[in-house]
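For reference, the structure is listed below as structure tokens.
The values are calculated or read from the model by the stated rules, or taken from the named source; none is laboratory data. Just so it is clear, the model here is predicted, and its values are computed rather than measured. No Cβ is skipped: glycine too gets one built from the backbone with ideal geometry, and neighbour counts run over all protein chains shown.
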Amino acid sequence: MAYSVNLHFAESKSSSNEKTQREARAILEGVAKAFGGFTLMESSGGWVAPSGKLVLEASFVLNTISDKSYESTLNLARMFAEELRHLFDQDSVMITITEIKTLESSLRPDASQRDEFTNRGVSTE
């Protein structure tokens, strides 16, 4: 069984300093070593402050795939989320873990269907 793990976090205003950049790289290296790799995507988001005002901020989604048990995956995700939360001085880091389901070979298109899809420009790989 495999899991897709996403950590959603915002960057703080101080994240452009050299020390923070080095620490962020160390966290990313830890993620790569623990899971075998990652994808880091820039995003943007917002939240409603206690005053009712919408606060918009730059954010990131760190995605990785885990073939570890759910408990091990969750423990590692929590550890890296806490490191990111602390580094970027955030109130929270959102963690999503989703089981990856693969298409069974019996459900894959047969050769004639692949030819039909290919003729339409649709990849079946």
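Identify all residues within the range 64-77 that are part of a strand (DSSP E or B) and buried (at least 18 other Cβ atoms within 10 Å of the Cβ); write none if there are none.
THR64, SER66
Output the number of the condition that THR96 fails; it satisfies all remaining conditions of (1) modelled with pLDDT under 95; (2) outside any loop (DSSP other than H, G, I, E, B); (3) surrounded by 10 or more Cβ atoms within 10 Å (Cβ to Cβ).
(1)
To keep it simple, each residue is scored yes or no on (1) touching a Ser or Thr at 6+ places or on another chain (Cβ under 9 Å); (2) under 26 Å from ALA2 (Cβ atoms).
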{"residue": "VAL31", "(1), (2)": "yes, yes"}
{"residue": "PHE35", "(1), (2)": "yes, yes"}
{"residue": "LEU40", "(1), (2)": "no, yes"}
{"residue": "SER44", "(1), (2)": "yes, no"}
{"residue": "LEU54", "(1), (2)": "no, no"}
{"residue": "ASN63", "(1), (2)": "yes, yes"}
{"residue": "MET79", "(1), (2)": "no, yes"}
{"residue": "PHE88", "(1), (2)": "yes, no"}
{"residue": "THR96", "(1), (2)": "yes, yes"}
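Return the residue satisfying two criteria in turn: it lies in the range 1-41 and is at pLDDT below 85 and not in a helix (DSSP H, G or I), and of such residues it is surrounded by the most Cβ atoms within 10 Å (Cβ to Cβ).
Step one: of the range 1-41, the residues at pLDDT below 85 are 11-17.
So of that shortlist, the ones also not in a helix (DSSP H, G or I) come out as 11-12, 17.
On the way: GLU11: 19, SER12: 15, ASN17: 11.
Selected residue: GLU11.
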